[in-house]
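Take a look at the structure set out below.
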């Protein structure tokens, strides 16, 4: 797919969609400060180019019930391509693991895990350890409260440099 060059208006469209989800053509045009037809054309071009992967609701999961949130750092015993692929494939299909990022430095991965309680979390960890996916070391950090969790401000992040 050809790389699409983004301008300030494209970034504003992406920012609006990121903040508000699916919008009517008129509402999006108002937010972006562009007439409706060119705004909608740009939105469709951004979708077709893969910039918008999905629309999701931001659920206040804590209002549904008490949950255990745990951050787990993981180091693998081996770092061959097949070792990494085996670990990542297993993580991607494991319910309860809501985020996984690969890092450089002292640890290989950071996982965010959400379970009904710590007993269920313990069972999840035990299943990872018995799955033979190359875990060498892991550290567990229980989340006591979430201070900030939001997507980046695209308009601020990609604003043109002022000289």
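Residues that are in contact with a helix residue (DSSP H, G or I) (Cβ under 7 Å, 6 or more places away or on another chain), assigned to a helix (DSSP H, G or I) and not assigned by TED's automatic domain parsing to the domain that holds residue 86 do occur in the stretch 155-162, at least one of them. For the stretch 88-121, which residues satisfy the criterion of being part of a loop (DSSP other than H, G, I, E, B) and over 17 Å from residue 138 (Cβ atoms)? Scanning the stretch 88-121 gives 93, 95, 104, 116, 117. Remark: pairs (first residue in the stretch 57-72, at pLDDT below 85; second residue surrounded by 11 or more Cβ atoms within 10 Å (Cβ to Cβ) and not in a loop (DSSP other than H, G, I, E, B); Cβ separation under 8 Å; 6+ apart in sequence or on different chains) = 61/114.
Report the residue count in the stretch 118-163 for those that are free of Cβ contacts under 8 Å to residues at least 60 places away in the same chain, touching a strand residue (DSSP E or B) at 6+ places or on another chain (Cβ under 7 Å) and surrounded by 12 or more Cβ atoms within 10 Å (Cβ to Cβ). Of the residues in that region, 5 qualify. When each of 112, 47 is tested for being at pLDDT below 95, within 30 Å of residue 15 (Cα to Cα) and surrounded by 11 or more Cβ atoms within 10 Å (Cβ to Cβ), the lone residue that passes is 47.
Do we have any residue at all in the stretch 95-107 that's more than 30 Å from residue 18 (Cα to Cα), touching a strand residue (DSSP E or B) at 6+ places or on another chain (Cβ under 9 Å), touching a residue at least 40 places away in the same chain (Cβ under 8 Å) and surrounded by fewer than 16 Cβ atoms within 10 Å (Cβ to Cβ)? Break it down stepwise before answering.
Kept after step one, since they are more than 30 Å from residue 18 (Cα to Cα), are these residues of the stretch 95-107: 105-107.
Checking the rest, the ones that are also touching a strand residue (DSSP E or B) at 6+ places or on another chain (Cβ under 9 Å) come to 106-107.
Going one step further and asking which of them are touching a residue at least 40 places away in the same chain (Cβ under 8 Å), we end up with none.
No, that holds for no residue.
The values are calculated or read from the model by the stated rules, or taken from the named source; none is laboratory data. The structure displayed is predicted, hence computed values, not measured ones. When we count neighbours, we look across all protein chains shown, and the Cβ atoms used for this are built from the backbone with ideal geometry, even at glycine.
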